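Just so it is clear, none of the values below were taken in a lab; they were calculated from the coordinates. Since the structure is predicted, the reported quantities are computational estimates derived from the model, not experimental observations. Heads up, the Cβs are rebuilt from the backbone with ideal geometry, glycines too, and the neighbour counts pull from every protein chain shown.
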Amino acid sequence: MIDTTYTPQIKVCGLKRVEEAVECATIGVNAIGMVFYPKSPRWVTEEEAKTISMALPQEVNKVGVFVDATFATIMRKVERCRLTAVQLHHRESPELVRRLRNEKLLVIKALFIEGIPSMENASEYDASAFLVECGQGVLPGGNALEWNWATAKEFGEKHPLILAGGLAADNVSDAIITSTPDAVDVSSGVEFKPGGKDLNKVKAFMDAVSKCSIEKTARRIF
């Protein structure tokens, strides 16, 4: 769907508790992310992810986040956990992206400002959308680090862009204005501890995003 004036969509990532996921969906979050990377403090089991997915409304995208997982592993999680989208968050191959797209999945490929693959590698991937973030830190992901979001603006004019990394209620408006993304992704910026979401922080984040109306040919990703 194409709009000329829009408010970016919102993905909240790293959910571990079904109650928090349902609360996020109730107040209007477009996508819920569940992390299948065992080294992450936000890692979920198949049973936890399935419980979350089954409790969410149909219109909310259920996104599985993977780090260098195989096609077979990803598809097993998709089927058992009832995922509607996958996010590939490290150095996955273009071929893996193509195979997952052929399964009629929404496929998000992460690109990194200070890492590989970068925005310059986007043409190699037939992804549904790209999530762009800093890429520094011990773990794959944003690691709560802010970066110069404006550097993604030109990229977002050519590709479906999800902005991530260091976002919170007090800076997301500036990030949206400077980068004009199609969607924003938040995790640590709405937490009281890793994997524990603070509903008041989620509401504050959503309120800040709702006040940003940008003129752009926007792509509805979720």
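Listed by chain and number, the lysines placed with their C-alpha closer than 30 angstrom to that of residue 211 are 11, 16, 62, 109, 153, 158, 193, 197, 201, 203; residues fewer than eight positions away on the same chain are left out. Taking a straight Cα-Cα cut-off under 20 Å and skipping sequence neighbours fewer than 8 places away in the same chain, the aspartates and glutamates within cross-link reach of residue 77 are 46, 47, 48, 59, 68, 92, 95, 103.
Viscosity 0.692 mPa s, temperature 37 °C: give me the Stokes-Einstein translational D for region 1-52 in µm²/s, with Rh taken as the Kirkwood radius over C-alpha pairs. Can you show the working numbers first?
Details: Rh = 12.2 Å.
It comes out at roughly 269 µm²/s.
Grouping the Cα pair distances of region 2-219 into 5 Å bins from zero gives a pair-distance distribution of 1, 8, 17, 21, 22, 18, 11, 3, 0 percent in increasing distance order.
With runs of 4+ DSSP H residues as the only contributors, calculate the mean residue ellipticity of the chain at 222 nm using -39,500 (n - 2.57) per run, divided by the residue total and rounded to the nearest 500. Please list the in-between numbers first.
Values: 7 runs with 64 residues, N = 222.
Computed mean residue ellipticity for the chain: -8000 deg cm²/dmol.
Counting every other Cβ atom within 10 Å of each residue's Cβ, 119, 34, 206 order from fewest to most as 119, 206, 34.
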